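Rule-based calculations on the coordinates, nothing more; no lab input. Note that the structure is predicted; figures quoted are calculated from it, not measured. When we count neighbours, we look across all protein chains shown, and the Cβ atoms used for this are built from the backbone with ideal geometry, even at glycine.
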Amino acid sequence: MVSKNTICLWYEGTAEDAASFYARTFPDSAVTAVHLAPDDYPSGKAGDVITVEFTVMGIPCIGLNGGPVFKHNESFSFQVATDDQVETDQLWDAIIGNGGEASVCGWCKDKWGVSWQITPRVLTAAIANPDRAAARRAFNAMMGMTKIDIAQIEAAVRG
């Protein structure tokens with residue numbers, strides 16, 4: 001059964017592959033149902049996978065194989081709070097190593113075009129630091145990074 005509020009992600013025939021990758025990569029994630037089209041539709045035939053229900057870190061999602069009409073962009077992203085550099089590296093490397101691409105400030109994009117922010121909790125805390133000079137140093141350090149380096153953020157906070 002679909003949750004009352006579900007994130008719907010549009011794919012070009014690859015919803016099942018994407019959902020399976022997310023389920024393998026992120027904790028508390030799973031593919032929960034695969035639905036086949038009951039009839040032909042503009043981007044597919046009867047019997048093709050039309051939707052995939054899945055969770056990503058406990059967030060209910062549905063992948064819709066809607067075809068080439070719409071593309072993902074950075075206006076939507078999953079932000080993943082990581083606890084240490086090992087977890088940051090693991091998730092970042094999984095996305096990039098599976099055909100994704102790096103961006104800046106902890107952002108990357110998976111091979112299906114979905115954007116991800118792999119954000120260490122240390123960074124979030126540093127930018128919210130009541131010591132505004134320390135927050136500014138952490139922010140400026142982040143602005144020069146692709147994948148976030150926790151040691152560099154901590155050093156920036158210390159000054």
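Odds and ends about this structure:
- Across all C-alpha atoms in the chain, the radius of gyration and Dmax reach 18.2, 62 Å.
- DSSP finds beta bridges in the chain, and of those with both partners inside it, around 60 percent are antiparallel.
- Charge dipole (debye, nearest 20) of the range 7-65; +1 at Cβ of Lys and Arg, -1 at Cβ of Asp and Glu: 140 debye
- Lysine pairs in the chain whose alpha-carbon atoms fall under 19 angstrom of each other, counting only those eight or more residues apart or on distinct chains, come to 4.
- DSSP beta bridges in the range 7-65 [antiparallel fraction, %, rounded to 5]: 70 percent
- Computed over the range 101-146, relative contact order equals 40 percent, with contacts defined as Cα pairs under 8 Å that lie 6+ residues apart.
- In the range 2-103, the trypsin sites (Lys or Arg not before Pro) that fall in loop regions by DSSP, at most 16 other Cβ within 10 Å: K4, K45, K71
- A straight line joining the Cα centroids of the range 1-59 and the range 118-159 runs 36 Å.
- Seen through its C-alpha gyration tensor, with square-root eigenvalues sorted a ≥ b ≥ c, the range 1-40 comes out oblate because a/c lies at 1.5 or above while a/b is not bigger than b/c.
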